[in-house]
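Undergrad: Can you read through this structure? Questions will come right after.
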Amino acid sequence: QVDELITAYVQHPVPVAVPNEGAAALMAIPDLMLTQEERRKMRRQRRMAENKERQEAIQLGLAPPPPVKVKLGNLMRVLATQQ
């Protein structure tokens with residue numbers, strides 16, 4: 001009986017295609033349900049990557065720097081640099 005169960009063949013699971021694009025590819029798959037913590041982590045990583053790309057573009061001169069934020073505390077300094 002044991003000889004009938006043991007064969008030279010190995011049954012392998014069906015391979016599943018894994019996206020190589022990281023967070024963006026995982027968010028594009030509608031079937032994949034992420035936990036709230038995973039969604040937060042993906043959002044943090046995506047926002048950090050976008051911010052890093054924006055900073056690199058500014059450093060390379062490909063994009064203009066953001067405009068100066070005028071607040072009451074630095075109003076005089078901003079007005080002095082504009083003239």
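Undergrad: Considering 2, 18, 10, which residue is β-branched (Val, Ile, Thr), at pLDDT below 70 and open to solvent by 100 Å² or more (accessible area, probe 1.4 Å)?
TA: Details: 2 fails: open to solvent by 100 Å² or more (accessible area, probe 1.4 Å); 10 fails: at pLDDT below 70.
Of 2, 18, 10, the one residue that is β-branched (Val, Ile, Thr), at pLDDT below 70 and open to solvent by 100 Å² or more (accessible area, probe 1.4 Å) is 18.
Undergrad: Now a separate question. So the check is Cβ under 7 Å with 6+ separation or different chains; which pairs have a first residue in the stretch 46-61 that's in contact (Cβ under 8 Å) with a residue 40 or more places away in the chain and a second one that's in a helix (DSSP H, G or I) and among the aliphatic types (A, V, I, L, M)?
TA: Correct list of pairs: empty, since none qualify.
The values are calculated or read from the model by the stated rules, or taken from the named source; none is laboratory data. Just so we're clear, the structure is a prediction, and the values are computed from it rather than from any experiment. Positions of Cβ are backbone-derived with ideal geometry, glycine not excepted, and every protein chain shown enters the neighbour counts. These accessible areas exclude ligands, DNA and RNA; they are computed on the full protein's heavy atoms, side chains included. Shrake-Rupley method; radii C 1.70, N 1.55, O 1.52, S 1.80 Å.
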